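Read the figures in this text as sums done on the coordinates, not as results from a lab. Because the structure is a prediction, the values reported are computed rather than measured. Ideal geometry is used to build each Cβ from the backbone, glycine not excepted, and the neighbour counts take in all protein chains shown.
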Amino acid sequence: MQARKKYILIAFCACWLLLFYFGGAQIRQLKFLARRQSEEMVMARRWPAWDDEATLKSFVELPGGGEVDAGLRESPKMKRENRAIVYKDSRCRMETCFDLSLCETRGFRVYMYPQSRGDKVSESYQKILASIQGSRYYTPDPHQACLFVMGIDTLDRDQLSLQYIHDVDSKIQSFPLWNNGRNHLIFNLYSGTWPDYTEDLGFDVGQAMVAKASFYMESYRPHFDVSIPLFSREHPQKGGEKGWLLYNNVPPRRKYLLVFKGKRYLTGIGSDTRNALHHIHNGKDIISLTTCKHGKDWEKHKDGRCDRDNQQYEKKLKPSGLRGTKGK
């Protein structure tokens, strides 16, 4: 009996030893596999694993420890701030960005910067400068002026144009009288380039007033900037010879108060302005005749008014040809 108990005890201990040995090996193997799988997952997240990873700069982490997804999302406030950077002085008004005291003490006198040697000047800008120089407001002394006009031609700011002037920003910043554009007037007819025509002039206008054609409402500064018509280089500098002005009545005693005949741009810069002014045509004292035939592919952008506009445009501009014309 004692021998039988002894054999049973030995067999029981042997079973426990075998279970501990093989079970422990399986547990160790499972732990090893789990640790290896975890390391592989970490390496997969860190791929590629460069040898000199410690010396490489991370371009994923944003300044201040922000998250990438949160940084990529642009809130309306951020959009307004970014726009404020582009148009730094978009809130300029006469009382904030123009020194009226100069005009009070000196009178309204205009100084024109001398042109630098080698600078290209278009025929249109030359007419503007000549008109200023020939007016009674011109002064050759900058210390007697309250308004300043640059000699650099800024009418055409299309980078694809032959009239485009490079390095305007560096040139105007070197002017001693620039003063961030305060009391300056800049003229512009064309801005941006094809296909996305923008308001970018290629230089910082600062606090200068801008006399510009085809203004966008977003960049126009009310009671500060000046909206001017788009005129061609063939436009005469003066309206006629001396003695041609017979009447100087305001308003003029004429049948027609306003007459316009030209192209109506269906797309692109200037199209919104001309399309918005068609309603002023009344066929009586205000005549506005436009044609859609502009460019080779104008028919692709044809609208419902084109046929009627083209028909009216082809009529002669005289009372007999306008009797049947009625604005709608």
Legend entry - Point-to-point label distance, Ala11-Phe260, nm (Cα→Cβ direction, 7 Å offset): 11.3 nm
Inset, instruction - Please list 163-175, 198-210 highest first by mean number of surrounding beta-carbon atoms within 10 Å per residue. - result: 198-210, 163-175
Inset, instruction - Starting from the Cα of Lys315, step 7 Å along the direction of its Cβ; do the same at Asp158; then give the gap between the two resulting points in nm. - result: 3.3 nm
Inset, instruction - Calculate the spin-label point distance for Tyr197 paired with Ser227, positioning each point 7 Å from the Cα along the beta-carbon direction, and give it in nanometres. - result: 1.5 nm
Inset, instruction - Pop out the ³J(HN,Hα) list for region 138-149 in order, Karplus 6.51 cos²θ - 1.76 cosθ + 1.60 with θ = phi - 60°, rounded to Hz; leave Gly and Pro as x. - result: 6, 9, x, 9, x, 7, 10, 9, 10, 9, 10, 10
Legend entry - Violating pairs (Cα-Cα greater than 29 angstrom) within the set Lys171/Lys261; Lys238/Lys263; Lys127/Lys302: Lys171/Lys261; Lys127/Lys302
Legend entry - Equivalent ellipsoid dimensions for region 141-244 as semi-axes, Å, which come from the Cα gyration tensor, largest first: 22, 21, 15
Legend entry - Calculated FRET efficiency for the pair Glu123/Asp272, C-beta based, R₀ 35 Å, to 0.05: 0.80
